[in-house]
1. Which of the residues belonging to region 129-154 are surrounded by fewer than 15 Cβ atoms within 10 Å (Cβ to Cβ), modelled with pLDDT of 90 or more and either over 17 Å from THR64 (Cβ atoms) or not aromatic (Phe, Trp, Tyr) (or both)?
2. Given the conditions (1) exposed (fewer than 12 other Cβ atoms within 10 Å of the Cβ); (2) part of a strand (DSSP E or B), which single one is not true for GLN186?
3. Could you tell me whether region 80-98 includes any residue that is surrounded by 15 or more Cβ atoms within 10 Å (Cβ to Cβ), of a type in the set (S, T, N, Q) and at pLDDT 90 or above?
4. If the requirement is being among the aromatic types (Phe, Trp, Tyr), within 12 Å of the chain's Cα centre (by Cα) and at pLDDT 90 or above, which of these qualifies: PHE160, PHE174?
5. Out of PRO52, PRO61, I need the residue that is modelled with pLDDT of 60 or more, in contact with a helix residue (DSSP H, G or I) (Cβ under 6 Å, 6 or more places away or on another chain) and part of a strand (DSSP E or B). Which one?
Amino acid sequence: MLKTKFLILFLFITLGKVLIAQNSICIRTSAGAAGFGNPLDGYYFSFDIGIPIIKGLELAPTFTNCSNISHRDVSYYWTYNEGVETTIKPDDYLSGNILSTYELYLIANPFKWIRNPKLNKVDIGLGIGYGLKAYKHYVYSFIGKDISGIQENFGTRQNFSAKFFYNHHYKKFFLGFIVGIVDLSQDANSIIGLQFGVKI
């Protein structure tokens, strides 16, 4: 029984060494514009670790944060003579979104399957992710001396996302760009940015 356990442990360690030897682990970070209706109306940043499972395929735990929240301070308060007062100007409208996703991506890199030295210096990544999304959406509006709307929605739910990236390698480092869609099921927003990473 003990010999069987040692044999299984040895096989797992050997398999892990083979897989990692075929493809290095990649640490990637990216930042750029997030789209909430307009491709450039917000910003995002993302971080992931690409762990090879077989040649040309990797699992990548990924964290992404997107926002188009204004930096204006918003407050409502009550005065005896004037009633409701607010920092929002009359007939003004203010809204925003912030979200964070924690997902596990499966990423395919078909150039890894081609034996070509030039193509091996390039990554083409196609990924699908599944995980959890935490979000908040708000709408504040004001007409005259009456509050016409204070709405805040927040919560968590399951999330599906997709992304495509292109990287060019410079020894252990690489630089490229990324485009993607966060939350394919509903309330989707886009990301467009630059990506930087290192192989270890």
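1. Filtering region 129-154 for residues surrounded by fewer than 15 Cβ atoms within 10 Å (Cβ to Cβ) gives 130, 132, 139, 143-146, 148-154.
Within this subset, residues satisfying the condition of being modelled with pLDDT of 90 or more are 130, 132.
Within region 129-154, just LEU132 meets the criteria.
2. (2)
3. Initially, region 80-98 is screened for residues surrounded by 15 or more Cβ atoms within 10 Å (Cβ to Cβ), giving 86, 88, 94-98.
Filter once more, keeping what is of a type in the set (S, T, N, Q): 86, 95, 97.
Imposing the further condition that a residue be at pLDDT 90 or above reduces the set to none.
The answer is no, given that none of the residues of region 80-98 is surrounded by 15 or more Cβ atoms within 10 Å (Cβ to Cβ), of a type in the set (S, T, N, Q) and at pLDDT 90 or above.
4. Numbers: PHE174 fails: within 12 Å of the chain's Cα centre (by Cα).
Of the residues listed, the single one that is among the aromatic types (Phe, Trp, Tyr), within 12 Å of the chain's Cα centre (by Cα) and at pLDDT 90 or above is PHE160.
5. Result of the check over PRO52, PRO61: PRO52.
The values are calculated or read from the model by the stated rules, or taken from the named source; none is laboratory data. These figures come from a predicted structure and were not determined experimentally. Glycine gets a Cβ as well: all are built from the backbone with ideal geometry, and neighbour counts include every protein chain shown.
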